[in-house]
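**Q** The structure follows.
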Amino acid sequence: KDEGLIPNLIPHTVHAMAPNEEYRQSRSNILILLRILVPACLYFVIFYDSTVPQHFQTSGTKRSLHRQLRRKERTRLVLRGFNDPKSTSPRTISDGGGKNFDLPLVVGMRGGHTADGTSQLLPACTLENVGLGRWTYEHIATSAKNNFAFNEAIVSTAEWTPLHCLLPELDWRPEPVRSCFAEKKIRNVIIMGGSTSTYMAMDFLHWMKGKYDTVDFHSKMRNGGAVDSGLTITGIHKKEANPGAYQSFLQESKFFEDTLVLFNSGLWDMRMNDLGQYAQDVGDLADAFAWYKEEHPSNHVIWRSSGTPNWDRLDIEVDGARARERLLNPDAVLVYNAVASESMQSRGIEVFDDAAMVLGRPEETRGPTDGLHPSSHMNTELMKILLSVFCQK
């Protein structure tokens, strides 16, 4: 008070008080001021916006702060109001404070964009993030059954919709695929692994030749053929991850240049029920292909994850023997894929993780009694998704 720092709110009779009493009164006055000033400061910090001076509003600090606040606000609102990727119109919601926000048409849609069409919300997909997603469908209303109303999915409209990236909306046909391979100077496509891989190779070859019907093909031998004079597609059967079985391919000179290699091993390894041995084998296999990739820089090497079998159809014809083994369950597929992905990625080999893609379409197997091998249609869809990323690199 004597130094003029505290307003003279106390009557002059205070000067006649004893020193202790005067101290207590001064302290009381300070507490009163703090009770007024602290809430006011907090209010200023929380609701701080246009009340600040103009010179500070235009500073870099101010702009950075507002960008962060807007980003957090939009993130919160998007998480609160996810749109279905098949939505045809944007939704507008309020933040409760008088401001409206247009949510993106789609979160993770193929070719997605913000509601006003001015920018993309998510980055383009890479092999690292395209595997985390879901199949989305258009729906039609149906009549209620047992008092349960629902909208039925139109299965033919299924589209793979990644969560953290945008997958280009590409109308894949054989001719654009040829153009992609020609641009990247690819003359050979090798799809190598168990029977799921040989099926995929032949399905892709038939599709590239314009044959879109289901292909009833199953072989454990090398098979394939030429699409045209500049492109061949070959399936090579390799049952296990033991790298010794791959030496003949690694030393085959006609595949030393301009080759796309998509390889996999997992389902047969799971049936051996030795995770430790698989970890050793797939690690050695990763070392071998890392060397191969370095020795042949014009080649592209991609590991493909194993798909989850259809439990309901798993080997029904042999009295459910594989189902009763319980060695190919989704939990086993998840663990073996994780072990393989760690080995490959740590050696610089890209991974095409199609496990969730196969898991989400359990009906797409090669008939009602085959729970292991994806259908021709499914294999073609998997290749289209892979190429949507690969051809945009």
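**Q** Could you grab me the full set of residues in the range 328-359 that are assigned to a loop (DSSP other than H, G, I, E, B) and exposed (fewer than 15 other Cβ atoms within 10 Å of the Cβ)?
**A** Gly348
**Q** For the range 236-274, which positions are in a helix (DSSP H, G or I) and in contact with a His (Cβ under 9 Å, 6 or more places away or on another chain)?
**A** Residue satisfying the conditions is Phe255 alone.
**Q** Which of the residues belonging to the range 134-162 are farther than 30 Å from Asp353 by Cβ and in contact (Cβ under 8 Å) with a residue 12 or more places away in the chain?
**A** Across the range 134-162, the qualifying residue is only Ile140.
**Q** Can you name the residue in the range 228-254 that is touching a Lys or Arg at 6+ places or on another chain (Cβ under 9 Å) and over 18 Å from Asn264 (Cβ atoms) and is also modelled with the lowest pLDDT among such residues?
**A** Asp228
**Q** Anything in the range 295-315 that is surrounded by 24 or more Cβ atoms within 10 Å (Cβ to Cβ), of a type outside the set (S, T, N, Q) and at pLDDT 95 or above? List them, or say none.
**A** Trp303, Arg304
**Q** Continuing with this model, one more query. What tally of residues in the range 164-187 results from selecting those that are outside any loop (DSSP other than H, G, I, E, B) and either of a type in the set (Val, Ile, Thr) or closer than 16 Å to His237 by Cα (or both)?
**A** Total meeting the criteria: 1.
The values are calculated or read from the model by the stated rules, or taken from the named source; none is laboratory data. All values reported here derive from a predicted model rather than from experimental measurement. Cβ atoms come from the backbone with ideal geometry, glycine included; neighbour counts cover every protein chain shown.
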